[in-house]
Amino acid sequence: MKQLILGIMGAALLFSPADDVYYMLVGTYNSEKSEGIYVYRFNSSDASVEEVSHVNASNASYLAVAPGGKYVYATNENGKDDNGGEVSAYSFDKKSGRLTFLNKQLSGGDHPCYVEIDRTGKWVIVGNYSSGTLSVLPVNTDGSLGTAIQTIHHQGAGVNKKRQDKPHVHCTILSKDNKWLFVPDLGIDKVMIYAFDEKKGKLSPSNQQFAETVGGSGPRHFIIHPTNRQAYLVEEMTGTISVYDYQDGKLESRQRISMLPGEFKGAIGAADIHISPDGHFLYASNRGDANDISIFSVNQVNGQLTLLGNQSTLGKSPRNFSLDPSAKYLLAANQSSNEIVIFYRDEKSGLLTDTKKRIEVGKPVCIKWIP
């Protein structure tokens, strides 16, 4: 009996979550090698990875984790007649690492490519690329989603008639104080700015209704510095980053810098952007012919950027990448080569080194974490 008790205790210790072990969720486009959302355990002490579970989901291209990690929301990037996109809700069991489908709702447009949940956990905001719309959906007490209470249609076009014939909402980012929503729109070369009422879930025009970018730049993803004094926009079509001074929902342009080395002449397709937790380094991904991560140092006085170098992602189409919660590793999701490449990140230099470790998964396009 004593041996049996000891065995049970040992098994419990083996499967108890450790401080350096996190759940990693990966959203994918449907393909022969993928079929939905995958859950892994990631150990930041040695970058080892173990698949735990997965659920079927249609083109789960972006994920959002609710405060506390109990619920997960996924875009279903499909479209039909400007109202074919959906958002799915799941509960997440931290003990088993399993997702359970709750329900889905229309996203208020076509091809939703980004989803955000507010700091209260009561509202989900989704951006629809093809229709140039964004919607606010309420979260029910059980984590499921209600129907959209508001849908906003952007208007206008850009200078590139092929890519910017109409609005294309690419992400929906809330400020840290939950008061402002920033919406880069690739089709109209603007970052739209909305005031957000967290009690009613309503969006309204802010005093500065937008920050206009260089024509043909194609605003894509946006991030606010940990100090809350600067913000950064990655521009897909020109492979550039715009730096803004930020205060109370207002953006003032300060710098625009290329992500690419001077001799680069290939196809450009900038994608994702992240900042290290200490605010010292900024990373941005390039698709097209570059297939790399641009590494910048961040000036701690004015927030401006200096390009340190470019690290190949050792694969194709890094649509998304992520720093793990320990910030020791950067994981690049190479959509077209069907794998996630794990890099060690030097916290002093900001530079990346291949760990030789890979996660084989079809068309990975989003990585999120649950402690």
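We did not get these values from a lab; they are worked out from the coordinates using the rules stated. Everything numeric in this text was worked out from a predicted model, so none of it was measured. Counting neighbours? That spans all protein chains shown, and the Cβs are built from the backbone with ideal geometry, glycine included.
Cross-linked pairs 176/199; 80/199; 328/348; 95/199; 94/179: Cα-Cα separations exceed 20 Å for 80/199; 95/199; 94/179. Largest GNM mean-square fluctuation among 230, 335, 300, using the chain with Cα springs under 10 Å: 300. For a label point 7 Å from the Cα of residue 166 along Cα→C-beta, name the residues of region 110-134 whose backbone N is under 14 Å from it. Those under the cut-off are 110-112, 128-134. Computed over the chain, the P(r) curve from all C-alpha pair distances, binned at 10 Å from the origin, holds 5, 24, 35, 26, 7, 2, 1, 0 percent per bin. Using a Gaussian network model on the chain with a 10 Å cutoff between Cα atoms, which of 304, 150, 247 fluctuates the most? Highest fluctuation among the options: 247.
Placing +1 on each Lys and Arg Cβ and -1 on each Asp and Glu Cβ, with no other charges, gives the chain a dipole about its Cα centre of roughly 280 debye. Residues of region 217-231 falling in the label zone of residue 159, defined by backbone nitrogen less than 12 Å from a point 7 Å along Cα to beta-carbon, are 217-218. Gyration tensor analysis over the Cα atoms of region 284-371 returns equivalent ellipsoid semi-axes of 22, 15, 12 Å (largest first, whole Å). Note down the Stokes-Einstein diffusion coefficient of region 110-189 in µm²/s, whole number, using a Kirkwood radius over alpha carbon pairs, 4 °C, and 1.567 mPa s. Translational D for this selection: 99 µm²/s. For residue 91 and residue 257, the difference between the fully extended length at 0.36 nm per residue and the C-alpha to C-alpha distance is 55.7 nm.
Placing a pseudo-label 7 Å from each Cα along the Cα-to-Cβ vector at residue 33 and residue 229 gives an inter-label distance of 4.4 nm. When shorter helices are ignored and each DSSP H run of at least 4 residues is given -39500 (n - 2.57), the per-residue value for the chain at 222 nm works out to -1000 deg cm²/dmol. Would you please give the FRET efficiency between residue 83 and residue 248, computed as 1/(1 + (r/R0)^6) with r the Cβ-Cβ distance and R0 = 30 Å, to the nearest 0.05? Efficiency at R0 = 30 Å is approximately 0.30.
When only the Cβ of Lys, Arg, Asp and Glu is charged (+1, +1, -1, -1), the dipole of region 104-213 relative to its Cα centre reaches about 60 debye. A crude spin-label estimate for the pair residue 101 and residue 198, with each label 7 Å from Cα along the Cβ direction, gives 3.3 nm.
Annotation: for a label point projected 7 angstrom from Cα along Cα→Cβ of residue 177, residues of region 241-261 with backbone N closer than 17 Å are 245-252.
The orientation-averaged projection of the convex hull spanning the C-alpha atoms of region 64-171 amounts to 7.1 square nanometres. Length available on full extension from residue 369 to residue 349: 0.36 nm per residue minus the Cα-Cα distance, which gives 4.8 nm. Full extension of the chain segment joining residue 70 with residue 56 gains 3.2 nm, where the gain is 0.36 nm per residue of separation less the Cα-Cα distance. Dipole of the chain computed with +1 at Lys/Arg Cβ and -1 at Asp/Glu Cβ about the Cα centre; of 349, 71, 56, farthest Cα towards the positive end is 71.
Computed from the alpha carbon atoms alone, the convex hull of region 165-303 holds 108 Å³ per residue. When the chain is treated as a GNM with alpha-carbon contacts under 10 Å, the residue of 359, 149, 173 showing the greatest mean-square fluctuation is 149. Whole-percent P(r), region 227-330, all Cα pairs, 10 Å bins from 0: 16, 48, 31, 6.
Between the residues 143, 195, 30, the greatest Cα displacement towards the positive end of the dipole of the chain, with unit charges on the Cβ of Lys, Arg, Asp and Glu, is found for 143. If the viscosity is 0.692 mPa s and the temperature 37 °C, what translational diffusion coefficient in µm²/s does Stokes-Einstein give for region 142-191 when Rh comes from Kirkwood over Cα pairs? The diffusion coefficient I find is 259 µm²/s.
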